[in-house]
Amino acid sequence: MMPGGLSETKPATPEVQHLVNQVKTQFESRENRTFGVFKAVVYRTQVVAGINYFIKVQVSADSYVHLRVFEGLPHENQGPSLVSFQTGKTRDDPLTYF
């Protein structure tokens, strides 16, 4: 992976699901609705001054969203934040930079 570029797409790990769980309320407040299903499926990373995570999240049986979550450097001692998101995605939509 070149610096600043996106990693390959990888299956979501428990750590990625934990990040998704931490930003779920930020996403729900921006969308003004709640989601019973909020399951990380796959993700990509981008190393910046911290890490951008691009995560495909299943929100219903056939509906997905893409989240961009930023996690700062450990010494900054700040939790992950939801930077951006895309709704109306499908299981087959590729994760790309947004």
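For every residue, the table says whether it meets (1) over 13 Å from the mean Cα position of the chain (by Cα); (2) of a type outside the set (Lys, Arg).
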| position | (1), (2) |
| --- | --- |
| Arg30 | yes, no |
| Phe35 | yes, yes |
| Arg44 | no, no |
| Ala49 | yes, yes |
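Considering only region 57-79, state which residues are surrounded by fewer than 14 Cβ atoms within 10 Å (Cβ to Cβ) and closer than 15 Å to Val16 by Cβ.
Taking region 57-79 as the starting set, the residues that turn out to be surrounded by fewer than 14 Cβ atoms within 10 Å (Cβ to Cβ) are 60-62, 73-79.
Gly79 - this is the single residue of region 57-79 that is surrounded by fewer than 14 Cβ atoms within 10 Å (Cβ to Cβ) and closer than 15 Å to Val16 by Cβ.
Here is a yes/no grid of residues against (1) in a strand (DSSP E or B); (2) of a type in the set (A, V, I, L, M, F, W, C):
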site: Gln22; (1), (2): no, no
site: Val42; (1), (2): yes, yes
site: Tyr64; (1), (2): yes, no
site: Gly79; (1), (2): no, no
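Table: residues versus (1) touching a residue at least 40 places away in the same chain (Cβ under 8 Å); (2) open to solvent by less than 40 Å² (accessible area, probe 1.4 Å).
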site: Glu28; (1), (2): no, yes
site: Phe38; (1), (2): no, yes
site: Val42; (1), (2): yes, yes
site: Ile51; (1), (2): no, no
site: Ile55; (1), (2): yes, yes
site: Ser81; (1), (2): yes, no
site: Thr87; (1), (2): yes, no
site: Arg91; (1), (2): yes, no
site: Phe98; (1), (2): yes, yes
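The values are calculated or read from the model by the stated rules, or taken from the named source; none is laboratory data. None of these values were measured; they are calculated from a predicted model. So basically every Cβ, Gly included, is an ideal-geometry build from the backbone, and we count neighbours across all protein chains shown. These area figures cover heavy atoms from the full protein model, side chains too; ligands, DNA and RNA do not enter into them. Shrake-Rupley method; radii C 1.70, N 1.55, O 1.52, S 1.80 Å.
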